[in-house]
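A.B. asks: Dropping the structure in here first, questions after.
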Amino acid sequence: MTEKLLAWYETNRRDLPWRGSPAAYHTWVSEIMLQQTRVEAVRGYYARFLEALPTVHDLAEADDDRLLKLWEGLGYYSRARNLKKAAQMVVRDYGGVIPASPEELLKLPGVGLYTAGAVASIAYGAPVPAVDGNVLRVFSRLRADFSDIALEPTKRAVSLQLLREMPQDRPGEFNQALMELGACVCLPGTPKCEACPLNEDCLAFRQGLAGALPVKSPKKPRRVEERHLYILRCGDRLALCRRPPRGLLAGLWELPAAFALPPELVVSREDAGAAVHVFTHIEWRMAAERVVLCAPPEAQGLVWVTRKALERDYALPSAFNGFRGQMW
């Protein structure tokens, strides 16, 4: 199975920018970006990030607002904050060299078992597994295993199977090949079994069960939050406010909400439409008003920015993309 998988990977792997460099810093940045984010969405962010912050020392010293602006639109912004915290730890405790062992990598903020395994195997050639959702799906079908892939015992069992199958001289390629197979062939719902290099070895394919696997316990329903926002304009400037330092979208910029408008300053006001944004555990249902003011109100927490400044300096999450057309 391993020989067939690696032969398929050599011929069919996608040309991804982070695969051109096995440097630990590059591998680590790409793996953090790829968490819960589509590969195609990461391409541009990865190149821009490394151009701005080419070394772990640059990342450790990066200004928070600059870092979040580089991350703008990728979502899950705690990943960016943990990257910086981990970079500072690497500089302080490891002499600026990202550690090679999974045990040391796991000490870094934001690094879990999967990321530790990916960095250790791809960048350093360590024979350790990297078990993500793609790999769990592949193995559940190969073994026709109906164990719940959301449970830790299932993940541990797959890790042990990987260790038995993994070639000691090519662990990084083996891990990437399994991820690639899950991402491109062994797809959720409708796998491309006829194109799979492992279909002769796959019990689910032979038994007609591929569509029924993997088994994963359902997520808890999302909490719904209703939000009323204001698109406040004064001349060529737009009002923003910073979110609290902890919690959802911590420290990022947003449109003001629940704002008391001084009537004497209002030139015009109109409906600016509605938008929905879905986070992992929360759903925002937003309605906005576009209000033009003759002078900026004396309100704490508001900053007034030009369009150029917004595009250059202020990280406005994609949750507000539905209103961007109304801002200017």
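A.B. asks: Go through region 251-262 and count every residue that is under 28 Å from Arg66 (Cα atoms) and either among the charged types (D, E, K, R) or buried (at least 16 other Cβ atoms within 10 Å of the Cβ) (or both).
C.D. replies: Number of matching residues: 7.
Every residue, every condition in (1) over 24 Å from Cys196 (Cα atoms); (2) charged (D, E, K, R); (3) in contact with a Ser or Thr (Cβ under 6 Å, 6 or more places away or on another chain), yes or no:
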site	(1), (2), (3)
Pro99	yes, no, no
Glu103	yes, yes, no
Ala116	yes, no, no
Val119	yes, no, yes
Pro129	no, no, yes
Gly133	no, no, no
Leu136	no, no, no
Ser159	no, no, no
Leu162	no, no, no
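A.B. asks: Another question about this same structure. Restricting to region 184-209, name every residue that is at pLDDT below 95 and touching a helix residue (DSSP H, G or I) at 6+ places or on another chain (Cβ under 6 Å).
C.D. replies: Once the filter is applied, which keeps residues that are at pLDDT below 95 and touching a helix residue (DSSP H, G or I) at 6+ places or on another chain (Cβ under 6 Å), region 184-209 yields nothing.
A.B. asks: Of all residues in region 24-48, which are surrounded by 15 or more Cβ atoms within 10 Å (Cβ to Cβ) and assigned to a loop (DSSP other than H, G, I, E, B)?
C.D. replies: Selection gives Gln35, Thr37.
A.B. asks: Taking into account only those residues within region 183-193 that are in contact with a Phe, Trp or Tyr (Cβ under 9 Å, 6 or more places away or on another chain) and not β-branched (Val, Ile, Thr), which is surrounded by the fewest Cβ atoms within 10 Å (Cβ to Cβ)?
C.D. replies: Cys193
A.B. asks: Still on this structure, I have one more. Please specify each residue of region 302-321 satisfying the condition of being surrounded by 18 or more Cβ atoms within 10 Å (Cβ to Cβ) and of a type in the set (Gly, Ala, Ser).
C.D. replies: Ala315, Ala319, listed by residue number.
A.B. asks: Further, regarding this structure: Taking the conditions exactly as written (in contact (Cβ under 8 Å) with a residue 12 or more places away in the chain, over 23 Å from Leu68 (Cβ atoms) and crowded, with 17+ Cβ neighbours inside 10 Å), does Arg237 satisfy them or not?
C.D. replies: no
A.B. asks: Sort through Glu289, Glu283, Glu298 and tell me the only one that's among the acidic types (Asp, Glu), within 16 Å of Pro256 (Cα to Cα) and in contact (Cβ under 8 Å) with a residue 12 or more places away in the chain.
C.D. replies: Checking each option against the conditions leaves just Glu289.
A.B. asks: So which residues in region 263-301 are surrounded by 13 or more Cβ atoms within 10 Å (Cβ to Cβ) and assigned to a loop (DSSP other than H, G, I, E, B), if there are any at all?
C.D. replies: Listed by number, the residues that qualify are Phe279, Pro296, Pro297, Ala299.
A.B. asks: Quickly run through region 49-64 and pick out the residues that are surrounded by 15 or more Cβ atoms within 10 Å (Cβ to Cβ) and in a helix (DSSP H, G or I).
C.D. replies: Phe49, Leu50, Val56, His57, Leu59, Ala60
A.B. asks: Pairs please, first residue from region 30-52 and farther than 17 Å from Asp132 by Cβ, second anywhere and surrounded by fewer than 16 Cβ atoms within 10 Å (Cβ to Cβ), Cβ atoms under 7 Å, 6+ apart in sequence or on different chains.
C.D. replies: Arg43/Pro17; Tyr46/Pro17; Ala47/Pro17
Residues are listed down the side, and each one gets a yes or a no for (1) under 29 Å from the mean Cα position of the chain (by Cα); (2) more than 26 Å from Pro221 (Cα to Cα); (3) at pLDDT 95 or above:
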| site | (1), (2), (3) |
| --- | --- |
| Arg246 | yes, no, no |
| Leu255 | yes, yes, yes |
| Phe259 | no, yes, no |
| Asp271 | no, yes, yes |
| Ala288 | yes, no, yes |
| Gln300 | no, yes, no |
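A.B. asks: Separate question: Based on what the data block shows, is Arg222 of a type outside the set (A, V, I, L, M) and more than 22 Å from the chain's Cα centre (by Cα)?
C.D. replies: Spelling it out, it is not the case that Arg222 is of a type outside the set (A, V, I, L, M) and more than 22 Å from the chain's Cα centre (by Cα).
A.B. asks: Sticking with this one: Check Leu229 against each of (1) on the phi < 0 side of the Ramachandran plot; (2) within 25 Å of the chain's Cα centre (by Cα); (3) surrounded by 12 or more Cβ atoms within 10 Å (Cβ to Cβ); (4) assigned by TED's automatic domain parsing to the domain that holds His277 and name the one condition it does not meet.
C.D. replies: Going through the list (1) on the phi < 0 side of the Ramachandran plot; (2) within 25 Å of the chain's Cα centre (by Cα); (3) surrounded by 12 or more Cβ atoms within 10 Å (Cβ to Cβ); (4) assigned by TED's automatic domain parsing to the domain that holds His277, Leu229 breaks only (2).
A.B. asks: Let me ask something else about it. Go through region 145-156 and give me each residue that's farther than 21 Å from Ala183 by Cβ and in a loop (DSSP other than H, G, I, E, B).
C.D. replies: Passing the criteria: Phe146, Ser147, Leu151.
A.B. asks: What number of residues within region 4-23 are in contact with a Gly (Cβ under 8 Å, 6 or more places away or on another chain) and part of a helix (DSSP H, G or I)?
C.D. replies: Residues meeting the conditions: 0.
A.B. asks: Another question, if that's okay. Could you identify the single residue in Gly96, Gly110 that is under 22 Å from Asp132 (Cβ atoms) and either more than 17 Å from the chain's Cα centre (by Cα) or not in a helix (DSSP H, G or I) (or both)?
C.D. replies: That would be Gly110, the only listed residue that is under 22 Å from Asp132 (Cβ atoms) and either more than 17 Å from the chain's Cα centre (by Cα) or not in a helix (DSSP H, G or I) (or both).
A.B. asks: Which of (1) more than 16 Å from the chain's Cα centre (by Cα); (2) part of a helix (DSSP H, G or I) is the odd one out, the single condition Pro129 does not satisfy?
C.D. replies: (2)
The values are calculated or read from the model by the stated rules, or taken from the named source; none is laboratory data. What you see is a predicted model, and the numbers here were worked out from it, not measured in a lab. A quick note on method: Cβ atoms are made from the backbone with ideal geometry, for glycine too, and the neighbour counts reach across all protein chains shown.
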